[in-house]
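The values are calculated or read from the model by the stated rules, or taken from the named source; none is laboratory data. Everything quoted here is computed from the prediction, not taken from an experiment. Neighbour counts are summed over all protein chains in view; Cβ atoms, including those assigned to glycine, are modelled from backbone coordinates with ideal geometry.
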Amino acid sequence: MGKIFKNLLDLRTSILQVTEGLTDKQLNEIPDGFNNNIAWNLGHVIATTQTVCYLRSNQAIVLDNLFVDQFKSGTRPETIVSRDEIEQIKTLLISNIEKLQDDYEKSVFVEYNSVVTRYGVQLNTIEEAIDFLQFHEGFHLGYILAIKRLVA
């Protein structure tokens, strides 16, 4: 699992690098043909960690419920994400994975409620869920890159 956590941290670092220097306007802009913006994608990868790993393991999420509700699957940006919120999200991109790894190593995740993701991936264990995050975050990194080409 150590390699997977390293990959997740590398992915999150790449996401931070790709979004470095973008203005609040660019982060919040929804280009034609898209349902969301870069800011939403940043929050969404964090919220997905909470829902796929913590909630499906019957654990309390480690973030504010309002944050998860704002960025969970099926939502769209409804408000402008402020500079302070963007900075919080950027900090959470790394600390969220570090917390997940710490909780995993402490054996916090004892049970897991199976799910088939919207991508058709069956998740039966916490290990499968954590592994799935790599695919999911790579997918959203692609969206972030596509949106960036249109707003930057």
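Residue-wise test of (1) closer than 17 Å to Leu42 by Cβ; (2) assigned to a helix (DSSP H, G or I); (3) among the β-branched types (Val, Ile, Thr).
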| position | (1), (2), (3) |
| --- | --- |
| Ala60 | no, no, no |
| Leu63 | yes, no, no |
| Thr75 | yes, no, yes |
| Glu85 | yes, yes, no |
| Lys90 | yes, yes, no |
| Phe132 | no, yes, no |
| Glu137 | yes, yes, no |
| Leu141 | yes, yes, no |
- Considering (1) surrounded by 15 or more Cβ atoms within 10 Å (Cβ to Cβ); (2) touching a residue at least 24 places away in the same chain (Cβ under 8 Å); (3) not in a loop (DSSP other than H, G, I, E, B); (4) not hydrophobic (A, V, I, L, M, F, W, C), say which one Glu128 fails and leave the rest. (2)
- Message: With the structure loaded, tell me whether Thr75 is under 18 Å from Tyr119 (Cα atoms), buried (at least 16 other Cβ atoms within 10 Å of the Cβ), modelled with pLDDT of 95 or more and not aliphatic (A, V, I, L, M) or whether it fails that test.
- Response: yes
- Query: Taking interchain pairs and intrachain pairs at least six residues apart, which have beta carbon atoms under 9 angstrom, with the first residue in the stretch 36-60 and more than 20 Å from Ile144 (Cβ to Cβ) and the second modelled with pLDDT of 95 or more and buried (at least 24 other Cβ atoms within 10 Å of the Cβ)?
  - Reply: Cys53/Ile126; Cys53/Ala129; Arg56/Ile126; Arg56/Ala129; Ser57/Ile126; Ser57/Ala129; Gln59/Cys53
- Item | Enumeration of residues in the stretch 17-42 that are surrounded by 14 or more Cβ atoms within 10 Å (Cβ to Cβ) and not in a loop (DSSP other than H, G, I, E, B) | Val18, Thr19, Asp24, Gln26, Leu27, Asn28, Ile38, Ala39, Trp40, Asn41, Leu42
- Out of curiosity, is Val68 assigned to a loop (DSSP other than H, G, I, E, B) and of a type in the set (A, V, I, L, M, F, W, C)? no
- Message: Which numbered condition in (1) assigned to a helix (DSSP H, G or I); (2) loosely packed, with under 15 Cβ neighbours inside 10 Å is the only one that Arg118 fails?
- Response: (1)
- Item | Residue check for Val45: within 20 Å of Gln17 (Cβ to Cβ), touching a Leu at 6+ places or on another chain (Cβ under 8 Å) and assigned to a loop (DSSP other than H, G, I, E, B) | no
- Query: Any chance the stretch 48-68 includes a residue that's crowded, with 18+ Cβ neighbours inside 10 Å and of a type in the set (Lys, Arg)?
  - Reply: yes
- Task: Working carefully through the options Lys99, Lys90, Lys6, find the one that is under 16 Å from the mean Cα position of the chain (by Cα), surrounded by fewer than 21 Cβ atoms within 10 Å (Cβ to Cβ), closer than 23 Å to Gly142 by Cβ and touching a residue at least 12 places away in the same chain (Cβ under 8 Å).
- Result: Lys90
